[in-house]
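These notes concern the structure reproduced below.
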Amino acid sequence: MSGAAFSADPLPGKVAVARRCHPSLPFDVERVRADFPALEQTIHGKPLAYLDNAASAQKPQAMIDAVTSAYTHNYSNVHRGVHTLSQRATEAYEGAREIARRFMGAARPEEIVFVRGTTEGINLVAHSFVRPRLAPGDEVLISAMEHHSNIVPWQIVCEETGARLRVAPITDRGEIDLDAFEDLLTDRTRMVAVVHVSNALGTINPARRIVELASRRGIPTLFDGAQAAPHLELDVAELGCDFYTISGHKLFGPTGIGALYGRFERLAAMKPYEGGGEMIRSVTFEATEYNDPPHRFEAGTPHIVGAIGLGAAMCYVEETGLDAIAAHEHELLIHATKRLGEIPQVRLIGTAAEKAAVLSFVVEGIHAHDVGTILDHQGVAVRVGHHCAQPLMDRYGVPATARASFAFYNTRQEVDRLVDGLHQLLEFFGP
Ligand code: PLP
């Protein structure tokens, strides 16, 4: 096991502490794979090749141990208790916030709000930050490659306020047309919300350039970082965005937890998203004084152990090393692009110059669901469908694609098994 620096020590009294994690060993994919128990299984009698990481990633033992330890020995509700277990749980929960701060590159832990995931992060910003600032005729700008979770919340607040959702077009390769994007920034634009890495195309968008263009006009920015966090080193302070949100389950952490970065001045100026316990300073029947960020946005009992697990997953990724992860995944991307390119019936959707290790493709004449089912019988797990990006599928004139999405624990052999599976599929369906 390469081991995470996040303590999963089962001894009572030992809780996780935030400390900087560095790769202690050179990257070795076989050693990394041994940290992920789910990868050891067979599916339909074949070794599992898990290529559905963009939907959700598998979990390292260090993360599972941190969750088990938290529930076994260090569990209680947070913030409210004077007793030892509550103090331990609080320390671990706030320790996870500090890890998330460091992982995302925020200046202070108060800028990290624990949310259910990217979807909740975007909804929180849409309702608490943008909606009160929208008047009829105002605009929110997104791109044509957004996940539904970065479309629908904006549609809702636009409908409620008479504002207009504008969509920056993309090129055939799957890159944002930056000239058109810039033309769409007007004196009515109140928010720019763009995906950092596209789940359906793999495109890595030029986040810094987008912030530059928007902030030059005083327009706040949000990035949907659901797919970026597992692949790229994040530095929100350097990026200069106002909001950035990620999902724990795509980052080798638990489901039901994610993090929203918000620039402190923005969070401090925002009203709560939900009301309840924990988010208040004082309550009378006449009036409530809200707590400071981030607690103002964490009403009720939070997903305590989820946050602890997310912290452990972030430490695991840091210790594996984001540079090594990027290099390994890039090699997989190059290999997979070449091998899929050798199959004439396969058409790649999304060929941007800057890409994460995601390959969306259609097999001419064969429905994507058949592609997914036949690959599953070979033990190869890929996702098929519209990937919660129906407008993007419309842009390419396809109802669905098959998508292989890689993580750092995937191998060249697994790419080759995907290609072998596609050859079997083509044989099965005949010429
Ligand atoms: N944005 C992108 C690009 C995604 O890929 C996803 C999930 O697939 C989401 C947002 C939504 O994330 P979650 O379901 O974790 O809230």
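The values are calculated or read from the model by the stated rules, or taken from the named source; none is laboratory data. None of these values were measured; they are calculated from a predicted model. Here the Cβ positions follow ideal geometry from the backbone for every residue, glycine too, while neighbour counts run over all protein chains shown.
Please pick out the residue among Ala70, Ala62, Ala66, Ala144 that is over 29 Å from Ala269 (Cα atoms), in contact with a Lys or Arg (Cβ under 6 Å, 6 or more places away or on another chain) and among the aliphatic types (A, V, I, L, M).
The match here is Ala144.
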Going through (1) within 16 Å of the ligand (Cβ to nearest atom); (2) under 30 Å from Leu332 (Cα atoms); (3) assigned to a helix (DSSP H, G or I); (4) of a type outside the set (A, V, I, L, M, F, W, C) one by one, Asn123 fails only at (2)
Conditions (1) surrounded by 24 or more Cβ atoms within 10 Å (Cβ to Cβ); (2) of a type in the set (Ser, Thr, Tyr); (3) touching a strand residue (DSSP E or B) at 6+ places or on another chain (Cβ under 7 Å): number failed by Ser198: (3)
Give the number of residues within region 126-174 that are among the basic types (Lys, Arg) and either within 13 Å of the ligand (Cβ to nearest atom) or in contact (Cβ under 8 Å) with a residue 60 or more places away in the chain (or both). 1
What do you reckon, is Gly248 without any contact (Cβ under 8 Å) to a residue 24 or more places away in the chain and either within 16 Å of the ligand (Cβ to nearest atom) or of a type in the set (Gly, Ala, Ser) (or both)? no
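Got a number for residues in region 79-120 being away from the ligand (no atom under 16 Å from the Cβ) and either in a helix (DSSP H, G or I) or at pLDDT 95 or above (or both)?
Final tally of qualifying residues: 28.
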Would you point out which residue out of Leu260, Leu232 is over 14 Å from Thr118 (Cβ atoms), touching a residue at least 60 places away in the same chain (Cβ under 8 Å) and within 15 Å of the ligand (Cβ to nearest atom)? Leu232
From the list Val29, Val115, which one is closer than 21 Å to Pro230 by Cα, crowded, with 19+ Cβ neighbours inside 10 Å and of a type outside the set (Lys, Arg)? Val115
